[in-house]
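**Student:** Got a structure for you, written out below as structure tokens; questions coming shortly.
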Amino acid sequence: MDPLSVLREYAGRGDLDKIIFTGDDILFGSDYSFPANVPTAFASKQSGRPYPLSAAVFLAQHNDLKHTDFLQAARLRRIPPVSLPDRKTFLDFLQFGHNTLPTEPLLPSSLPSFTQEAHPPPPPPEEPDDDEASTAHIRAIERPLKDRNSILDARGRDFLAIYHAVLRREEERVRNKDSAPSAGRSEPSAAAAALANPKADKSLGDGFVPIILVPSASQTLITIYNVRDFLEDFVFVPSDEKVRALKGSPKPECVTVQKKHVRGERAGGAGGPVAFEVRDKPASLKADDWARVVAVFVLGKEWQFKDWPFKDHVDIFNKVIGFFVRFEDDSVDSAKVVKQWNVKIISISKNKRHQDRPAALEVWERLEEFVRRTLK
């Protein structure tokens, strides 16, 4: 069956709305199915090339449009548009004004040799083919929102810290399975027991990751937002700048810092540099977490240590090394309380960023010495 003859028949019956584009095929109701790109006997007057069936059908269904609007609509559908000189000739053919086109008669015998024979739609047992065509059409217009790389983009989250947290949970699950906890045991007493012996169950090997606590208050210089810039990149970046850079992303619950190699510095132990977790929510720490706390950046306020599992400040800074970071031109009163504690005061400049490096290295030097002395 000649597809143009079928098209003219549908136009004569007023059934053009029953012709449907589906994937790479065109369905003429439930009667026939033709490939959309099959060449027809309708050829261009200028180039002599045959128009595909999709161009003829699209013109038949949208002949009421102005030619400029028709061209734009055809291009949006990625259908070859019929030129204006050929448009009137073809519409006359559809409306039985002429039985032939100027080039060749629109008969099956006149179609080029590569014209594919029409084939009726598959019988009911083969209806899955239509489903496959519909699925292919849907996939063709899909636009992926994420790929395997963008799915890993999680601002404000530290995947190394998440990995260590998963390991800890698995270890706790195994321990809880082997031995049930005592009925009257409370979390504060468990934390105190874990801290009773600072060397107990602490080793830089076997997945042990030390914890550094920083204040969550905004008035402190070192927070969870900028601690990595200070300790890893040796530069102080104000916390408010880091918050603005997050653009509304949630605050990280934990970040991991590790000292970078410094030129002229001798390599550490065989295990290499130690990674530290940095957190700012002491209330969320469990007994095993408190056993891993090795350092704290102090705010200079007594309430920072409320509900900590220690007797007093003397007990805290015997088991945990403390740092107080301040601007060098701040008043003496800002460190008045801190001077009563066993805490190292680190001074940085408000404007001279080249002075941040020695200040950060001093923190690392004292921290590494404390960890080696306490945990080994």
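The values are calculated or read from the model by the stated rules, or taken from the named source; none is laboratory data. Keep in mind it's a predicted model, so treat the numbers as computed, not measured. Because the Cβ atoms are built from the backbone with ideal geometry, glycine has one as well, and the counts that use them run over all protein chains shown.
**Student:** List, please: which pairs have Cβ atoms under 7 Å, are six or more places apart or on different chains, and start with a residue in segment 249-266 that is in the same structural domain as Pro215 (by TED's automatic domain parsing) and end with one that is basic (Lys, Arg) and modelled with pLDDT under 90?
**Tutor:** Going by the 7 Å Cβ cut-off, the qualifying pairs are Ser249/Arg155; Pro252/Arg157.
The rows are residues; the columns are (1) small (Gly, Ala, Ser); (2) touching a residue at least 40 places away in the same chain (Cβ under 8 Å).
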site	(1), (2)
Ser30	yes, yes
Val38	no, yes
Ser44	yes, yes
His62	no, no
Lys66	no, no
Asp69	no, no
Ala74	yes, no
Ile79	no, no
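**Student:** Across segment 1-44, what is the number of residues that are of a type in the set (Phe, Trp, Tyr) and either at pLDDT below 85 or over 21 Å from Ile138 (Cα atoms) (or both)? Walk me through how you get there before you give the answer.
**Tutor:** So the first thing to find is which residues in segment 1-44 are of a type in the set (Phe, Trp, Tyr), and the list is 10, 21, 28, 32, 34, 42.
With the extra rule that they be either at pLDDT below 85 or over 21 Å from Ile138 (Cα atoms) (or both), the set shrinks to 10, 32, 42.
Going through segment 1-44 one residue at a time, the tally reaches 3.
**Student:** Now for a separate question. Would you confirm whether any residue within segment 277-297 is under 19 Å from Ser218 (Cβ atoms), aromatic (Phe, Trp, Tyr), out of contact with any strand residue (DSSP E or B) (no Cβ under 6 Å at 6 or more places or on another chain) and not in a strand (DSSP E or B)?
**Tutor:** No, there is no match, as no residue in segment 277-297 is under 19 Å from Ser218 (Cβ atoms), aromatic (Phe, Trp, Tyr), out of contact with any strand residue (DSSP E or B) (no Cβ under 6 Å at 6 or more places or on another chain) and not in a strand (DSSP E or B).
**Student:** Next question, about the same structure. What number of residues within segment 36-56 satisfy the criterion of being buried (at least 17 other Cβ atoms within 10 Å of the Cβ) and not small (Gly, Ala, Ser)?
**Tutor:** Looking only at that region, the number is 8.
**Student:** In addition: All but one of (1) in contact with a strand residue (DSSP E or B) (Cβ under 9 Å, 6 or more places away or on another chain); (2) assigned to a helix (DSSP H, G or I) hold for Met1; state the number of the condition that does not hold.
**Tutor:** (2)
**Student:** Take segment 1-59 and flag every residue that is among the acidic types (Asp, Glu) and under 43 Å from the mean Cα position of the chain (by Cα).
**Tutor:** Narrowing segment 1-59 to residues among the acidic types (Asp, Glu): 2, 9, 15, 17, 24-25, 31.
Asp24, Asp25, listed by residue number.
**Student:** Would you be able to tell me the number of residues in segment 347-376 that are among the β-branched types (Val, Ile, Thr) and more than 25 Å from Val209 (Cβ to Cβ)? Spell out the reasoning first.
**Tutor:** Residues of segment 347-376 that are among the β-branched types (Val, Ile, Thr), as a first pass: 348, 363, 371, 374.
Next cut, more than 25 Å from Val209 (Cβ to Cβ) only: 348.
The number of residues fulfilling the criteria is 1.
Yes/no matrix, rows are residues, columns are (1) part of a loop (DSSP other than H, G, I, E, B); (2) under 21 Å from Val363 (Cβ atoms); (3) at pLDDT 90 or above:
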{"site": "Ala190", "(1), (2), (3)": "no, no, no"}
{"site": "Ala194", "(1), (2), (3)": "no, no, no"}
{"site": "Ile224", "(1), (2), (3)": "yes, yes, yes"}
{"site": "Lys251", "(1), (2), (3)": "yes, no, no"}
{"site": "Arg266", "(1), (2), (3)": "yes, yes, no"}
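Per-residue answers, yes or no, for (1) modelled with pLDDT under 90; (2) surrounded by fewer than 16 Cβ atoms within 10 Å (Cβ to Cβ):
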residue	(1), (2)
Gly269	yes, yes
Asp280	no, no
Ala283	yes, yes
Trp290	no, no
Glu328	yes, yes
Glu362	no, yes
Thr374	yes, no
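**Student:** May I ask you to list the residues in segment 286-306 that are of a type in the set (Phe, Trp, Tyr), within 23 Å of Ser347 (Cα to Cα) and touching a residue at least 40 places away in the same chain (Cβ under 8 Å)?
**Tutor:** Phe297 - this is the single residue of segment 286-306 that is of a type in the set (Phe, Trp, Tyr), within 23 Å of Ser347 (Cα to Cα) and touching a residue at least 40 places away in the same chain (Cβ under 8 Å).
**Student:** Please tell me if Ser47 is within 27 Å of Arg139 (Cα to Cα), of a type in the set (Gly, Ala, Ser) and in a loop (DSSP other than H, G, I, E, B).
**Tutor:** Details: within 27 Å of Arg139 (Cα to Cα): no; of a type in the set (Gly, Ala, Ser): yes; in a loop (DSSP other than H, G, I, E, B): yes.
Spelling it out, it is not the case that Ser47 is within 27 Å of Arg139 (Cα to Cα), of a type in the set (Gly, Ala, Ser) and in a loop (DSSP other than H, G, I, E, B).
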